[in-house]
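Colleague: Supplied in structure tokens, the structure appears directly below.
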Amino acid sequence: MAGKESSTHRSRDNNDDHDVELGLNKYPDKQPLGTLAPGDQPKNYKDPPPSPMFEHGELRTWSFYRAGIAEFVATFLFVYVSIMTVMGYGRATNKCATVGVQGIAWAFGGMIFALVYCTAGISGGHINPAVSFGMLLARKLSITRGVFYMLMQCLGAICGAGVVKGFQTTPYDVLGGGANKVNLGYTKAGGLGAEIVGTFVLVYTVFSATDPKRIARDSPIPILAPLPIGFAVLVVHLATIPITGTGINPARSLGAAIIYNNAVAWDDQWIFWVGPFIGAALAAVYHQIVLRAMPFKAYNEAHEADDKPAT
């Protein structure tokens, strides 16, 4: 009996060790989120080198234009679906019978989730000039690619809004065409602030979800990265639709303004460019300098290289 019990204990111990190796029991209860398990070692990761400011060679590659086409199509689909949702809400005589403001927010956030998932491996899934601007400031893409992305995003948004108007010309003009403006009861300063903070939330989420350090630590993150980005868009829309209709995407605001082509849309158009670009710049500075301390890392690495003895 003693021999059987000791053999059972050994077998149980071996199974426990095997479970720990498989990761079934290595995370204790009440472990703080984002921390390593006891005895765990962080996975190796390496930040990619900064992109060159100008990379003329990529103009001769198909991947450069393929990425631009992906941004065009994604922004086209995003604007088409989101503005169609806004039009459906506006046309209904009984607002309780429509998707409501919550449904509009879900349409915007859900489309970003789906489209980022589809295009992340091709172009990075920006679908927003503010995101491209933030990545440009963080040296994650060249000026050449950044400007090209913004151009294709704006063209896609114009085409998306144009198709919506083509399907329902009169309602589009009567209901405002989904164009952004500062709503009654709010000041332009308030609208600008809402756009800055909303875009900060979005771009900060993009930086965090695509952080190479987090990806190395937690392998499922690349698969789930579009999810927090989509949720960021959703909650920002819930917060700021009453204020500005929620821009946080200059291409979406420009496309609707061009197709609607009304003074109301053009009077506030600058807010939907200045606000998102300021918000994106603040998010880039906060994530890259304050949280990741990238300039200091580069400084330390340079000094460590200088201190190494020559071989």
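The values are calculated or read from the model by the stated rules, or taken from the named source; none is laboratory data. As the structure is a computational prediction, the values presented were derived from the model and not from experiment. No Cβ is skipped: glycine too gets one built from the backbone with ideal geometry, and neighbour counts run over all protein chains shown. Remember, those area values only see protein heavy atoms, side chains included, never the ligands or the DNA or RNA. Shrake-Rupley method; radii C 1.70, N 1.55, O 1.52, S 1.80 Å.
Colleague: What's the local net charge at Trp270, with K and R +1, D and E -1, over the other residues with C-beta under 11 Å away?
Modeller: -2
Colleague: Sticking with this one: Can you give the Rg to Rh ratio of the stretch 64-292, both from alpha-carbon atoms, with Rh computed by the Kirkwood formula?
Modeller: We get a ratio of 0.96 for the stretch 64-292.
Colleague: Let me ask something additional. Give a residue-ordered list of calculated ³J(HN,Hα) values for the stretch 175-184 (Karplus: 6.51 cos²θ - 1.76 cosθ + 1.60, θ = phi - 60°; whole Hz; x for Gly, Pro).
Modeller: Taking θ as phi minus 60°, the curve returns 8, x, x, x, 6, 7, 7, 7, 6, 4 Hz for the stretch 175-184.
Colleague: Run the dipole for the stretch 64-292 about the Cα centre, Lys and Arg Cβ at +1, Asp and Glu Cβ at -1, nothing else charged, and hand back the magnitude in debye, nearest 20.
Modeller: In debye, rounded to 20, the stretch 64-292 gives about 380.
Colleague: What list of ³J(HN,Hα) couplings, whole Hz, do you get for the stretch 200-208 from phi and the Karplus terms 6.51, -1.76, 1.60, once you set θ to phi - 60° and write x for glycine and proline?
Modeller: Whole-Hz 3J(HN,Hα) from phi for the stretch 200-208: 4, 4, 5, 5, 4, 5, 4, 4, 5.
Colleague: In terms of solvent-accessible area of protein heavy atoms at a 1.4 angstrom probe, what is the ranking of Phe207, Phe76, highest value first?
Modeller: So the residues, ranked largest to smallest area, are Phe76, Phe207.
Colleague: Net charge around Met150, counting only other residues with Cβ within less than 15 Å of its Cβ (Lys, Arg = +1; Asp, Glu = -1)?
Modeller: Result for the local shell: +2.
Colleague: Counting Lys and Arg as +1 and Asp and Glu as -1, what is the net charge of the other residues whose Cβ lies under 14 Å from the Cβ of Arg60?
Modeller: That works out to 0.
Colleague: If you rank Arg145, Arg252, Arg139 by how much accessible surface each has, with a 1.4 Å probe, what is the order from largest down?
Modeller: Most to least solvent-accessible, the answer reads Arg139, Arg145, Arg252.
Colleague: Now for a different question. Pull out the extension gain between His56 and Val101, defined as 0.36 nm times the separation in residues minus the alpha carbon to alpha carbon distance; nm, one decimal.
Modeller: 11.7 nm
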